[in-house]
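Have a look at the structure that comes next, please.
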Amino acid sequence: MKIPENHALVIFGASGDLTKRKLIPAVYDLKKQGYLPEGFYILGVSRSKISDEEFRTKMTDSIKEFANGDADYEDIKRFSESLHYLAIDTSDENDYAKVKEKLLQLDIERGVSGNYIYYLSTPPSLYGVIPKSLAAHKLNDETGGWKRIIIEKPFGYDLDSAIELKHQIEPYFNEDQIYRIDHFLGKETVQNVMVSRFSNGIFEPLWNRNYIQHVEITSAESIGIENRGGYYDKSGALRDMVQNHLLQLTGLIAMEAPASFDATAIRNEIHKVFKSLRAIKKEDVRKNVIRGQYTASHIKGESVSGYREENEVDENSKTETYVALKFFIDNWRWGGVPFYIRTGKRLPSRVTEAVIKFKPTPHPLFNMSDESKFGNQLVIRIQPDEGILLKFGMKTPGSGFNVQNVNMNFHYSDLSDAYIPAAYERLIHDCMIGDSTLYARGDAVEEAWKFVDPILKAWEDDPSIKVYGYPAGTWGPNIADDLIEGENLTWRYPCKNLSNDGIYCEL
Ligand code: BG6
């Protein structure tokens, strides 16, 4: 990590939850690590009429609660002096004159010369308005310093709206200036997928259709939708998790080695994977995509509401809180290998991992245990208990030649002295230094929508496609097990603990 040039971070939506929980704590962590330039400052912009002092007090509290490393009172106080606030009507273009004036004043005070990052942490309805309004006051003009814009998901609601949004932003900011944030790409363990694949000689030769039976990605959450009913009911698991985070992860697992380690080369490879995704035809959606919704239940003796009873959720809602799908990547490396993605709220455990399931040996020489019969698995654990697990067969000690599966584990926590930056910390820093490698590129986002769109359309057009209920605290609809090809094969049912797997372990 290096220290960026002097600049300002302008956060639109500064009174929102994301600013409080993620953005300000992440920037404070950068400060603590020594990765902020001398005159750096933040200008929070939002509708709420609060003073600089009130903003600082709120943000100080949130740093204490959410910062990654230890928060030191004096240190936070010093940092908070770089926080400023401006109340405007963000939907009114004229009000951006105030933003300009404030930035010019702060630039002089802090010795910054027109380098700005604009962070859009607002409702998506403003994603078109803000760039246009900034441009109306020449705040996109790079003659006096660079200008970058970070856009939070959702980047569009479907393919058409994503394209429309692109057209709204493009006249004012070019692709090099746009940073579409996908916080999954900021996770150390997600980046490590690339490093594990391309820094080791042993994985790559096996990483293809000849040796891999299938690839499985699970992102389970034990929480429900919390207070986000209004947003979630219009989104659902497919838009919220699959279109972005889980397809990006698929991209890293499936990509070819880039020609070099730079943003263009890496993002070209991810784009190629997305272009090779085989669209799921409308008539196959019923069979290849299972959607579910959690229903009221008891978890560890406590009663838990069903999705339709949550705040701001329609009582007849068909929005999916769970989705599992089977799909293919039609290219030379992956032809014929099924990929499975599964994600849901109110599942038994919070765990995200990818499983590379290798083909079994061609001929069983030994007496194999049930598990070892199915072949080796490489489990890449994204969170929690971050690490890598390899499952392979070993001789059970004693007479005969019986085979049992054993685990070889690596836990990130064993690297006790390594500081693991939070995802937002890493990504914001990357934008500060102008590195877009871990940001989603426009063409890839569009391809991801092209893949997801027919599924959304099929659900919309055909109400007979079921939304399966599943009791909160269970692994989703049982029918999702049928997606997995192969006799007796099912999903891996992971626990919070990397190698302590098994269907009942976290219930
Ligand atoms: C967000 C989704 O993008 O990712 C949330 O909107 C989800 O619904 C979250 O809970 C999961 O992120 P993480 O980092 O907690 O796995």
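Based solely on C-alpha atoms, express the radius of gyration and the Dmax of the range 225-324 in angstrom.
In Å, with Rg to one decimal and Dmax whole: 18.0, 54.
Quick one: compute a quarter of the convex hull surface over the Cα atoms of the chain and quote it in nm². Mind dumping the intermediate values first?
Working: hull surface 102.7 nm².
Taking a quarter of the hull surface, the average projection is 25.7 nm².
Taking other Cβ within 10 Å of each residue's Cβ, how do Ser349, Ser303, Ser297 sort, fewest first?
Working: Ser349 19, Ser303 9, Ser297 16.
Arranged by neighbour count, lowest to highest, Ser349, Ser303, Ser297 become Ser303, Ser297, Ser349.
Then there's this: Below 8 Å between Cα atoms, with a sequence gap of 6+, how large is the relative contact order for the chain in percent?
Values: 948 pairs, mean separation 84.8, N = 507.
RCO, the chain: 17 percent.
Using 0.36 nm per residue, how much length does the chain from Gln404 to Asp89 gain when fully extended, once their Cα-Cα distance is taken away? Please list the in-between numbers first.
Values: separation 315, 0.36 × 315 = 113.40 nm, distance 6.50 nm.
Roughly 106.9 nm would be gained on extension.
With a cap of 12 neighbouring Cβ atoms within 10 Å, and only residues DSSP puts in a loop, list the trypsin sites (Lys or Arg not before Pro) found in the range 19-97.
Listed in order of number, the matching sites are Lys49.
Picking from Ser369, Gly128, Ile356, whose Cα lies most toward the positive end of the charge dipole for the chain (charges on Cβ: Lys, Arg +1; Asp, Glu -1)?
Going by the charge dipole, the pick is Ser369.
Give me Glu65, Glu425 ranked fewest to most by other Cβ atoms within 10 Å of their Cβ, as a rough exposure proxy.
On the way: Glu65 11, Glu425 27.
So the residues, fewest neighbours to most, are Glu65, Glu425.
Same structure, new question: Quick check: pseudo-label points 7 Å beyond the Cα along Cα→Cβ at Asn311 and Ile3, how many nm apart are they?
Distance between label points: 4.4 nm.
Taking the alpha-carbon centroid of each part, what is the distance from the range 2-75 to the range 238-270 in angstrom?
Cα centres, the range 2-75 to the range 238-270: 29 Å.
Moving on to the next point. Taking only DSSP H segments of four or more residues, each worth -39500 (n - 2.57), what value at 222 nm results for the chain once the sum is divided by all its residues, to the nearest 500 deg cm²/dmol? Kindly include the intermediate steps, with their values, before the conclusion.
Values: 14 runs with 144 residues, N = 507.
Rounded to the nearest 500, it is -8500 deg cm²/dmol.
How large is the charge dipole for the chain, taken about the Cα centre, if only the Cβ atoms of Lys, Arg (+1) and Asp, Glu (-1) carry charge, to the nearest 20 debye? Don't skip to the answer; put the middle values down first.
Details: 61 positive and 74 negative charges, 211 e Å.
Magnitude of the dipole: close to 1020 debye.
Another one. Label-point separation (nm) for Asp262 and Arg47, each offset 7 Å from Cα along Cα-to-Cβ?
Distance between the two pseudo-spin positions: 4.4 nm.
Something else: Less than 18 Å apart at the alpha-carbon level, and either on another chain or at least 8 residues along: which aspartates and glutamates does that give for Lys357?
Cross-link targets: Glu204, Glu216, Asp370, Glu371, Asp481, Asp482, Glu485, Glu487, Asp501.
Of Pro205, Ser219, Tyr232, which is farthest towards the positive pole of the range 194-236's charge dipole, taken about the Cα centre with +1 and -1 on the beta-carbons of Lys, Arg and Asp, Glu respectively?
About the Cα centre, the residue reaching furthest to the positive side is Pro205.
Right, here's the next one. Identify all lysines with a Cα-Cα distance to Lys64 below 16 Å; exclude those on the same chain that are fewer than 8 residues away in sequence.
Partners found: Lys20, Lys22, Lys31, Lys32, Lys77.
Here is a follow-up. Loop-only check: which chymotrypsin sites (Phe, Trp or Tyr not before Pro) in the range 236-321 are DSSP coil with at most 15 other Cβ within 10 angstrom?
Sparse-neighbourhood loop chymotrypsin sites (Phe, Trp or Tyr not before Pro): Phe261.
We did not get these values from a lab; they are worked out from the coordinates using the rules stated. Because the structure is a prediction, the values reported are computed rather than measured. Neighbour counts are summed over all protein chains in view; Cβ atoms, including those assigned to glycine, are modelled from backbone coordinates with ideal geometry.
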